[in-house]
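Every read-out reported here was derived from the displayed coordinates using simple, explicitly stated rules and does not represent laboratory data. Because the structure is predicted, anything quoted here is derived from the model rather than measured. No Cβ is skipped: glycine too gets one built from the backbone with ideal geometry, and neighbour counts run over all protein chains shown.
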Amino acid sequence: MIRRVSADPILIRRGKAGDLAQVEKFTHNTFSWGDYLPGRWTRWVKDQRGILLVATCDSQVVGTIHVRNLEHREAWLEGVRVRPDFRQRGVASQLVAAAHAGAKEMGARVIRLETGAHNFAAQRTFEKFGYRRVVEYVGFEGNARGGDLKQVRRAKIADTKACWELWEHSQTRRSTKTVVPAVFGWRWWELTRARLEFDLRGGRVWRAPHAFMVLRDMDDGLDVILLVGAKRDALQLLDAARVLAAQMTKTQVFWLAPKTLASFRRAEAAGYAVDEQGMLIYACTL
Ligand SMILES: CC(C)(COP(=O)(O)OP(=O)(O)OC[C@H]1O[C@@H](n2cnc3c(N)ncnc32)[C@H](O)[C@@H]1OP(=O)(O)O)[C@@H](O)C(=O)NCCC(=O)NCCS
C-alpha cells in the first residue's frame, strides 16, 4: 500500500453533489464486485433523513461516510470509504466520530452497520469505537420456478397475533437477537410488532400453517428477509418464494438468514445454495 505523507490536516464537511467526480475515482472498485456508493451519491446528498460527510486533505476528498436516521431512534452507518493512499492514518476514525455526533443530534440511541466477515480493516475500525457483533447473516440463493403455492397464502392483518407469537418463540428471534433485514434498502433494524404489522399491511408476509416469511422486492430478485416457524412449513415457504419469484418474472430468490446450522440445513433441503457468506451486523450504543 502506498502511504501518503502530508502535513495538511484532515477536515470533515458535508458531502456535495460536486464531490462525486473525486469520490468515484477511489470507490468504483472498492470490493471484488465494484461498489454501490457512486450510484447512491446524488440521493444521499439530497436526503434529509441522513448526513453525508466527506474527509478532505488539501481540498481533495479522501474519505466518505453516510449515516441514516431510521425510526425508533435507530441509525444506520454505511458508505465508509477511505482513499487507498490515505488509509491507516485515522481518516475513517474521524469520519465515524463525526457521523456518531450527527446521529446523536438526530436523536439516535443505537447505530448499526453491516460489514464482511473478511473485512478485518473495517472490523478493527468499528470495534475500536465500541461496536459489537450482534449477528452474522448468510445469503442463500434459489432459482425461480413454476408451480403452485400449496398450503401457502398471503397473510392478512388478522394474522398479526399468530405471526408475532411464532416470532416470539422462534429460534430465529434468539439467533438474530431481534435484528433483521429492513424492508427497504440494504440495512438491518429491530423487528417490532409495529414493523411486522406494517409488513402485513403491505402484503409482504406469507403464511404456511405453522410458519411465516417476509418478502422484499428488490430490482435484481426477490428477497426472503425473515423466515420463522416449524421446519416443514418453513421449507414450504422457501419453495413458495421460488414460485412467487417466477410469478413476478424474477429469476432468483435470495434468502437472508442468520448463520446457523439450522439455516444451512433448511437451505439444502429447499434446494438453495450459499451465495454470500459472512455478513456481520454490528451495533454501537450512542
Ligand atoms: C475500512 C477503512 C474504511 C478503514 O479506514 P482507515 O482510515 O484506514 O481507518 P483508520 O486509520 O481510522 O483505522 C482505525 C483502526 O483500524 C486499524 N486498521 C485500519 N485498517 C487496518 C488494516 N488494514 N489492518 C489492520 N488494522 C487496520 C487502524 O490501525 C486503527 O486502529 P488503531 O487506532 O488501534 O491503530 C478502509 O480500509 C477502507 O476504505 N476500506 C475499503 C472500504 C471498506 O471496507 N469500508 C467498510 C465497509 S463496512
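Each Lys and Arg adds +1 at its Cβ and each Asp and Glu adds -1 at its Cβ; summed about the Cα centre, region 85-142 shows a dipole of about 300 debye.
If Lys and Arg each add +1 and Asp and Glu each add -1, what is the summed charge of the other residues whose beta carbon sits under 11 Å from the beta carbon of Q252? Local net charge: -1.
Exceedance of the 29 Å cut-off in Cα-Cα distance is limited, within the set K156/K250; K177/K250; K46/K161; K25/K259, to K177/K250; K46/K161; K25/K259. Modelled label positions at R109 and H28, each set 7 Å beyond Cα in the direction of Cβ, lie 4.5 nm from each other. Projected label points at Q88 and E136, each 7 Å from Cα along the beta carbon direction, are separated by 2.5 nanometres. Taking all C-alpha pairs of the chain, those more than 32 Å from each other amount to 30 percent.
Note on S93, S170: ascending count of other Cβ atoms within 10 Å places them as S93, S170, the fewest first. At 0.890 mPa s and 25 °C, plugging the Kirkwood radius over alpha-carbon pairs of region 137-278 into Stokes-Einstein gives what diffusion coefficient in µm²/s? After rounding, the answer is 167 µm²/s. Full extension of the chain between D220 and K161 yields a length gain of 18.0 nm, computed as 0.36 nm times the residue separation minus the alpha carbon distance. The helix-only estimate of mean residue ellipticity at 222 nm for the chain, built from DSSP H runs of length n ≥ 4 each weighted as -39500 (n - 2.57), is -9500 deg cm²/dmol after division by the residue total.
Per residue, the convex hull around the alpha carbon atoms of region 1-129 comes to 111 Å³. If a helix is a whole DSSP H run, which ones in the chain reach 20 Å or further along their own axis (Cα) and hold a mean Kyte-Doolittle hydropathy of at least -1.0? Going by DSSP H runs, the hits are 91-105, 231-247. Dipole size of the chain about its Cα centre, with +1 on Lys/Arg Cβ and -1 on Asp/Glu Cβ: approximately 500 debye, rounded to the nearest 20. The calculated FRET efficiency for the pair T42 and R232, based on their C-beta separation and a Förster distance of 51 Å, comes to about 0.60. Computed from point charges on the beta carbon alone (+1 for Lys and Arg, -1 for Asp and Glu), the dipole magnitude for region 137-286 about its Cα centre is near 460 Debye. Remark: relative contact order (the chain) = 21 percent; criterion is Cα-Cα distance under 8 angstrom and separation of 6 or more residues. For L11, project a label point 7 Å along Cα to C-beta. Then give me every residue of region 40-59 with its amide nitrogen under 11 Å of that point. Output list for this probe position: 56-59.
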